[in-house]
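To start, the structure itself, in C-alpha cells.
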Amino acid sequence: MFRVLSLLLVTTGLCLLMAFQSGKPAAKTPNIVLFFIDDLGYGDLSVNGALGYKTPNLDKMATEGTRFTNFMAAQAVCSASRAALLTGCYPNRLGISGAFGPNAGVGLNPKEETIAELVKAQGYATGIFGKWHLGSDQEFLPLQQGFDEYYGVPYSHDMWPLHPWQERAKYPPLHWIDGNKQVKEIKNLEDASELTPVITEKAISFIKRNKNKPFFLYVPHPLPHVPLAASAKFRGKSERGIFGDVMMELDWSVGEIMKELKAQGLDNNTLVIFTSDNGPWLNYGDHAGSAGGFREGKGTSFEGGQREPCIMRWPGVIPAGRVSNKLLSTLDVLPTIAKLTGAKLPKEKIDGLDFTALLKGDESQTPRESFLYYYRKNSLEAVRKGDWKLVFAHPGRTYEGSLPGKNGQPGPAPEDHQFPKALYNLARDPSERYDVLEQNPEIVAELEKIADAAREDMGDDLQQKTGKNVREIGRTVRK
C-alpha cells in the first residue's frame with residue numbers, strides 16, 4: 001500500500017510540474033453568447049454592404065472572426081425559426097409553424113430539449129434577455145426550458161393594442177416578463193425605445209454575475225422588427241432614418257456586451273455567434289431592411305427569406321478575417337455547442353449537424369450537404385443540395401409587383417402568388433432568376449429523392465403527406 005501511495009504522489013507531482021512548465025492552463029469549455037436578431041436581412045450590416053449607417057462593432061467582429069455566407073435560418077418566420085435554433089430540429093418536426101400570437105394556447109413542448117437545458121446539465125449558468133416567442137403561457141416560458149434567468153418580451157412587440165389590425169386581432173397589453181411574471185407594460189413607441197438598452201443592460205449584468213462559471217447568454221433582440229424605435233441617444237443619427245438609427249443601436253449593444261467580456265477577462269474563452277431569425281419584412285419599405293440582392297424576404301422560401309448574416313468569433317480558435325461559403329443552418333448550432341461544451345445531445349432525433357471542425361478552420365469539411373425549405377404549416381416548398389436548389393410549385397408570399405409602404409405602414413404582400421416549379425444554380429444565380437430545370441433532369445431527379453425522403457420523414461402539405469417522425473407541439477393546460 002505504501003509503494004502504491006508513493007507512486008501516486010510521484011506521478012501527481014510530475015503531472016503538475018509538466019503543466020507548470022508548459023505554461024498552458026487546463027482546457028476550459030467556452031462561454032457562449034448567442035445574438036439572434038429579429039427580421040435582420042442579409043444586407044443590413046455595413047460589412048455586407050448596408051448604406052446610410054455603419055455597424056462598426058459587427059464589422060470588427062467579422063475581422064476578428066469568421067463570416068459564414070451560406071448560413072440559413074430554418075424557416076422564414078419568428079416562432080418556427082426560434083424553435084429550430086434552440087432545439088436543432090426543423091420546426092415542423094416539432095409541430096411548430098408561423099408566429100405564435102399571445103392567445104395561441106400553444107408553445108414549444110416542454111419535453112423538447114433546448115441548448116439551455118443541455119449546457120445547464122454541464123454546470124452552465126443560462127440566461128435569455130430579449131424576445132422569446134415560443135409560447136406566452138407560463139408552462140412554455142424560458143424558465144421551464146432550461147434558462148435560469150429571463151427578462152424580455154414574450155412575443156413580437158407589434159402584438160399589442162397599437163397594432164393597425166387591433167380591432168380584429170384584439171391583442172392584450174404587452175408587458176416585459178421578468179422570470180415568469182409580467183412587470184412593466186410597454187404602452188407606446190417611447191416605451192419600446194427602451195427595448196435595446198434594457199436588454200443590453202440585463203445581458204451585461206448577467207456576465208458580471210456569472211464571470212466565475214461557464215455561461216450561456218442568449219440575446220434575441222426584438223428589433224429591427226417593426227414597429228421601429230430607438231433610444232434618444234441614437235434617434236436621428238443615421239442617414240437611413242429610423243431603421244438606420246435602430247441598426248446603429250443594435251450594433252452598439254453588441255459592442256457593449258463584447259466590451260464587458262473583455263473587461264471581465266472572458267474574451268478569449270467565449271464563443272460569440274451573431275445571426276438573424278429570418279429575412280427583412282420588405283413591404284414595410286423604409287422601415288424594412290435589405291435582403292442584400294437575394295430574392296424576396298421574410299415569409300418566403302427564397303434566399304432573401306432564409307439566408308442570414310452570420311458571424312462567429314472566438315479568438316485563437318476561430319480563424320480571424322475568414323469567409324466560409326459552406327452551407328450551414330441555425331439547426332447546426334445546438335450540436336456544435338454540445339460538442340464544444342461536452343454536453344449530451346437530445347434523446348429525440350434532431351436535424352442539426354456538428355460543424356466544430358469547420359468552425360475551427362478546416363475548410364476541407366462539409367458537414368451539411370442538403371437543406372429543406374419548409375414553410376406554412378408543413379409545406380415542403382424547396383430542397384437544396386450543394387449549389388442546386390429545386391423549388392416546388394406552391395402558393396406563397398411575394399413582395400414583387402407591389403409598392404412597399406412608408407413611415408411604418410405596410411404595403412401589400414400577396415400570400416397566394418403561384419410560384420412554378422423551378423431549378424436554380426445558386427453559385428451562378430444567387431438571386432434565383434434563371435430557371436434551368438429543363439437543362440438539368442439528372443439534378444432534378446437527385447433533388448426529388450431528397451424531397452421524397454423528407455416527405456416520408458416529416459410529411460408535406462403540398463402533397464397531402466403525413467410524416468412518420470413528427471412530434472407534438474406543446475398545448476396549454478387550461479385549469
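Below are the figures for this structure:
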quantity	calculated
Pair list, Cβ < 7 Å and 6+ apart or interchain, from the range 411-439 residues that are in contact (Cβ under 8 Å) with a residue 12 or more places away in the chain to residues that are in a loop (DSSP other than H, G, I, E, B) and of a type in the set (Gly, Ala, Ser)	Gly411/Ser402; Gly411/Gly405; Pro412/Ser402; Ala413/Ser402; Phe419/Ala393; Pro420/Ala393; Lys421/Ala393; Ser431/Gly293
Members of the range 109-144 found to be among the small types (Gly, Ala, Ser), more than 17 Å from the chain's Cα centre (by Cα) and more than 20 Å from Val77 (Cβ to Cβ), listed by number	Ala121, Gly123, Ala125
Entirely in the range 145-253, the helices (runs of 4 or more DSSP H) that have 2 or more residues that are under 24 Å from the mean Cα position of the chain (by Cα)	195-209
Flag if Asp457 is open to solvent by less than 40 Å² (accessible area, probe 1.4 Å), at negative phi and acidic (Asp, Glu)	yes
Number of positions in the range 37-51 that are open to solvent by 30 Å² or more (accessible area, probe 1.4 Å) and in contact with a helix residue (DSSP H, G or I) (Cβ under 8 Å, 6 or more places away or on another chain)	2
Options Glu167, Glu149; residue that is of a type in the set (D, E, K, R) and under 24 Å from Val77 (Cα atoms)	Glu167
The range 341-379, residues that are open to solvent by 80 Å² or more (accessible area, probe 1.4 Å) and touching a strand residue (DSSP E or B) at 6+ places or on another chain (Cβ under 7 Å)	Glu369
Selection within the range 69-89 - among the β-branched types (Val, Ile, Thr) and touching a helix residue (DSSP H, G or I) at 6+ places or on another chain (Cβ under 8 Å)	Thr87
Contacts under 6 angstrom Cβ, first residue in the range 81-98 being among the aromatic types (Phe, Trp, Tyr), partner at pLDDT 95 or above and surrounded by fewer than 24 Cβ atoms within 10 Å (Cβ to Cβ), 6 or more apart	Tyr90/Asp351
Single match in Gly285, Gly279 (criterion: touching a residue at least 60 places away in the same chain (Cβ under 8 Å), within 19 Å of Pro414 (Cβ to Cβ) and not in a loop (DSSP other than H, G, I, E, B))	Gly285
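Results for (1) surrounded by fewer than 22 Cβ atoms within 10 Å (Cβ to Cβ); (2) of a type in the set (S, T, N, Q); (3) in contact with a helix residue (DSSP H, G or I) (Cβ under 8 Å, 6 or more places away or on another chain), shown as yes or no for each residue.
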| residue | (1), (2), (3) |
| --- | --- |
| Ile199 | no, no, yes |
| Ile204 | yes, no, yes |
| Phe216 | no, no, yes |
| Ala229 | no, no, yes |
| Ser253 | no, yes, yes |
| Leu266 | yes, no, yes |
| Asn269 | yes, yes, no |
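The values are calculated or read from the model by the stated rules, or taken from the named source; none is laboratory data. All values derive from a computational prediction rather than experimental measurement. Don't worry about glycine lacking a Cβ; one is built from the backbone with ideal geometry, like all the others, and counts go over all protein chains shown. Accessible surface is based on the protein model in full, side chains and every heavy atom, while ligands, DNA and RNA are left aside. Shrake-Rupley method; radii C 1.70, N 1.55, O 1.52, S 1.80 Å.
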